[in-house]
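Engineer: Sharing a structure, written as structure tokens. Questions coming.
The values are calculated or read from the model by the stated rules, or taken from the named source; none is laboratory data. For clarity, every value in this text was computed on a predicted model and none was experimentally measured. FYI the Cβ positions are ideal-geometry reconstructions off the backbone, even for glycines, and counts take in every protein chain you see. Areas reflect the complete protein model, heavy atoms only, side chains present, ligands, DNA and RNA absent. Shrake-Rupley method; radii C 1.70, N 1.55, O 1.52, S 1.80 Å.
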Amino acid sequence: MTMPRPEYPRPQFVRERWLNLNGTWRFDFDDADAGLRERWSENAPLQREITVPFAFQSKASGIHTNDFHDVVWYQRDFDIPADWRGSSILLHFGAVDYRAWVWVNGSFAAYHEGGHTPFRVDITPFLRDSSNTLVVRVEDSSTDLHQPRGKQYWKAESASIFYTRTTGIWQTVWLEPVGAAYLDDLRLTPDIDRAALQVEYILAGSQSAGVEVETDITYQGEQVAASAFSPDDTRASLTIHLGGDLHLWSPENPALYDLTVRLKRDGQVLDEVQSYFGMRKISVDNGQIRLNNQPYLMKLVLDQGYHPDGVLTFP
């Protein structure tokens with residue numbers, strides 16, 4: 001089958017090497033919620049199939065039922081590319097609704113709660129050289145009104161302002177290799193009044209101390225600014241002045257700057273991430289909304305974000 005959602009799932013934090021785990025997974029309902037510990041093993045494959053990253057309620061999942069199933073299981077096999085050996089391997093979930101338990105080769109790897117938040121886990125200690133098995137158990141209470149659900153309806157059929165439920169994996173699952181020191185996150189805050197970008201760097205890994213961080217900013221391929229520094233901690237902030245003519249972002253002119261961050265030690269690149277940002281400012285003055293310090297009149301359309309084939313997931 002064609003890989004569903006083949007694009008890199010995190011466009012503002014892109015690494016060159018990654019492995020998409022979307023596609024056909026083994027799957028089953030567990031209405032008795034019996035625990036089914038044997039399903040942690042590759043020796044007990046599940047009986048159904050589902051197309052990840054679509055919830056079983058959606059047509060795109062290949063199952064397409066709106067029946068109540070509050071506990072579901074996923075299982076799939078994977079191999080680590082040979083050139084990743086020696087790296088730490090991160091397993092990413094874009095979103096799993098609502099509670100998720102993760103096992104790799106029979107070993108418990110992670111628990112996460114929250115249907116709309118991404119999470120990741122370093123699965124390196126659990127991996128084999130080949131033929132690895134990933135198992136995910138998900139709980140999603142259909143009728144618990146205290147569980148955050150957005151507009152997911154707690155009754156069988158959609159009605160009024162409420163829509164089809166989303167249970168299980170509904171965003172991309174992927175793997176990527178990282179070194180003993182790597183970038184965990186970037187937070188970019190534009191400041192058009194000072195023609196500057198504030199960058200917060202969050203580092204991770206067992207050997208993140210003593211590294212150098214390089215940042216290059218370009219606009220349409222031309223370098224605008226560059227910086228390099230050695231952070232004192234795993235969190236560090238830096239203000240980078242762009243200078244020259246600013247290219248302000250607006251709906252009429254959605255100008256974007258490109259940003260590359262490299263983590264280095266003794267001249268060797270340990271990690272490299274690609275990102276982008278827009279230089280824009282949103283403010284309120286005397287009750288008037290302003291964009292880039294100018295009055296801005298908005299006419300808006302509400303898009304509920306549900307899709308005929310993918311439900312909560314863009315097809």
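Engineer: Express in nm, to one decimal, how much length is gained between T24 and D144 on full extension, taking 0.36 nm for each residue of separation and deducting their alpha carbon distance. Spell out each step's value before the answer.
Structural biologist: Numbers: separation 120, 0.36 × 120 = 43.20 nm, distance 2.97 nm.
Gain on extension, T24 to D144, equals 40.2 nm.
Engineer: Right, another one. Among residues other than L91 whose Cβ falls under 11 Å from its Cβ, what is the net charge (Lys/Arg +1, Asp/Glu -1)? Intermediate values should be presented prior to the final figure.
Structural biologist: Numbers: positive: R120; negative: D122, E176.
So the environment of L91 carries a net charge of -1.
Engineer: Ignoring ligands, DNA and RNA, what accessible area per residue does the chain give at 1.4 Å, in Å²? Provide the component values of the computation, followed by the final result.
Structural biologist: On the way: 16220 Å² over 315 residues.
Heavy-atom SASA per residue in the chain reads 52 Å².
Engineer: Can you tell me the convex hull volume per residue for the chain, based on C-alpha atoms, in Å³ to the nearest whole number?
Structural biologist: Values: hull volume 56.7 nm³, N = 315.
Measuring per residue, one finds 180 Å³ for the Cα hull of the chain.
Engineer: Could I ask something else about it? Which of the lysines could a cross-linker span from K281 if the Cα-Cα distance has to be under 25 Å and same-chain partners fewer than 8 positions apart are dropped?
Structural biologist: In chain and number order, the partners are K299.
Engineer: What residues from region 167-184 fall in the zone where the backbone N is under 19 Å from a label point 7 Å along the Cα-to-C-beta line of R120?
Structural biologist: From region 167-184, the list is 170-184.
Engineer: With +1 on each Lys and Arg Cβ and -1 on each Asp and Glu Cβ, how big is the dipole of the chain about its Cα centre, in debye rounded to the nearest 20?
Structural biologist: Details: 29 positive and 43 negative charges, 90 e Å.
It works out to roughly 440 debye.
Engineer: Now a separate question. Normalise the Cα radius of gyration of region 146-186 by 2.2 N^0.38 Å (N = residues in it) and let me know the number.
Structural biologist: Cα-based Rg divided by the globular estimate yields 1.97.
Engineer: Dimensions of region 73-185 along principal axes (Cα, Å, largest first)?
Structural biologist: In descending order, the Cα extents are 53, 29, 19 Å.
Engineer: Would you be so kind as to identify which of I161, V121, V138 lies farthest towards the positive end of the dipole of region 101-187, taking Lys and Arg as +1 and Asp and Glu as -1 on Cβ and the Cα centre as origin?
Structural biologist: I161
Engineer: Could you name the lysines whose alpha carbon sits less than 21 Å from that of K264, not counting residues in the same chain fewer than 8 places away?
Structural biologist: Correct list for K264: empty, as no lysines qualify.
Engineer: Still on this model: Show me the trypsin sites (Lys or Arg not before Pro) within region 68-146 that DSSP assigns to loop and that have at most 13 other Cβ atoms within 10 Å of their Cβ. Before the final figure, lay out each step's value.
Structural biologist: Details: sites: R76, R85, R99, R120, R128, R137; in loops: R85, R128.
Qualifying residues, ordered by number: R85, R128.
Engineer: How large are Rg and Dmax for region 42-83 when only the alpha carbon atoms are used, in Å?
Structural biologist: 13.2, 44
Engineer: What is region 1-119's relative contact order, in percent, from Cα pairs under 8 angstrom and six or more apart in sequence?
Structural biologist: Values: 153 pairs, mean separation 24.9, N = 119.
Relative contact order comes out at 21 percent.
Engineer: In nanometres, what is the gap between the two model label sites at M1 and F162, each 7 Å from Cα along Cα-to-Cβ?
Structural biologist: 3.0
Engineer: Any chance you could run the full-extension gain for D193 through Q288? It's 0.36 nm times the residue separation minus the Cα-Cα distance, nm to one decimal. Could you put the intermediate results ahead of the total?
Structural biologist: Values: separation 95, 0.36 × 95 = 34.20 nm, distance 1.87 nm.
This chain segment gains 32.3 nm when fully extended.
Engineer: Starting from a Cα-only point model with no solvent, please compute log10 I(q)/I(0) by Debye for region 195-315 at q = 0.11, 0.15, 0.21 1/Å.
Structural biologist: Each listed q maps to, in turn, -0.58, -0.88, -1.11.
Engineer: Would you list which aspartates and glutamates come within 20 Å of K59, measuring only between C-alpha atoms, while excluding same-chain residues fewer than 8 positions from it?
Structural biologist: D28, E49, D67, D70, D97, D140, E157, D309
Engineer: To the nearest 20 debye, what is the magnitude of the charge dipole of region 219-315 about its Cα centre, counting +1 on the Cβ of each Lys and Arg and -1 on the Cβ of each Asp and Glu? Write down the numbers at each step before the final one.
Structural biologist: Details: 8 positive and 12 negative charges, 49 e Å.
Result for region 219-315 is approximately 240 debye, rounded to the nearest 20.
Engineer: Cα convex hull of region 133-261: how many Å³ per residue? Write down the numbers at each step before the final one.
Structural biologist: On the way: hull volume 29.2 nm³, N = 129.
It comes to 227 Å³ per residue, whole-number rounded.
Engineer: Label-point separation (nm) for F229 and D79, each offset 7 Å from Cα along Cα-to-Cβ?
Structural biologist: 4.5
Engineer: Ignoring ligands, DNA and RNA, what percent of the accessible area of region 1-119 is carbon or sulfur (1.4 Å)? All intermediate terms of the calculation are to be shown ahead of the outcome.
Structural biologist: On the way: 2660 of 5580 Å².
Ligands and nucleic acids excluded, carbon and sulfur give 48 percent.
Engineer: Next question. Work from the charge dipole of the chain (Cβ charges, +1 for Lys and Arg, -1 for Asp and Glu, about the Cα centre) and give the residue of F229, Q288, N22 farthest towards its positive end.
Structural biologist: The residue sitting most towards the positive pole is Q288.
Engineer: Right, next: Of all chymotrypsin sites (Phe, Trp or Tyr not before Pro) in region 107-180, which ones are in loop regions per DSSP and have a Cβ with at most 14 other Cβ atoms within 10 Å?
Structural biologist: On the way: sites: F108, Y111, F119, F126, Y153, W154, F162, Y163, W170, W174; in loops: Y153, W154, W170.
In loop regions of region 107-180 (DSSP not H, G, I, E or B), the sparsely surrounded chymotrypsin sites (Phe, Trp or Tyr not before Pro) are W154.
Engineer: Compute the normalised compactness of region 1-155: alpha-carbon radius of gyration over 2.2 N^0.38 Å, N being the residue count. It would help to have the intermediate numbers written out before the result.
Structural biologist: Working: Rg = 15.8 Å, N = 155, 2.2 N^0.38 = 15.0 Å.
Rg over 2.2 N^0.38 Å, computed on Cα atoms: 1.05.
Engineer: Hey, with R₀ at 25 Å, roughly what FRET efficiency would E222 and D266 work out to, going by the Cβ-Cβ distance, to 0.05? Each step should come with its number before you reach the end.
Structural biologist: Numbers: r = 30 Å, r/R0 = 1.19.
According to the calculation, E is roughly 0.25.
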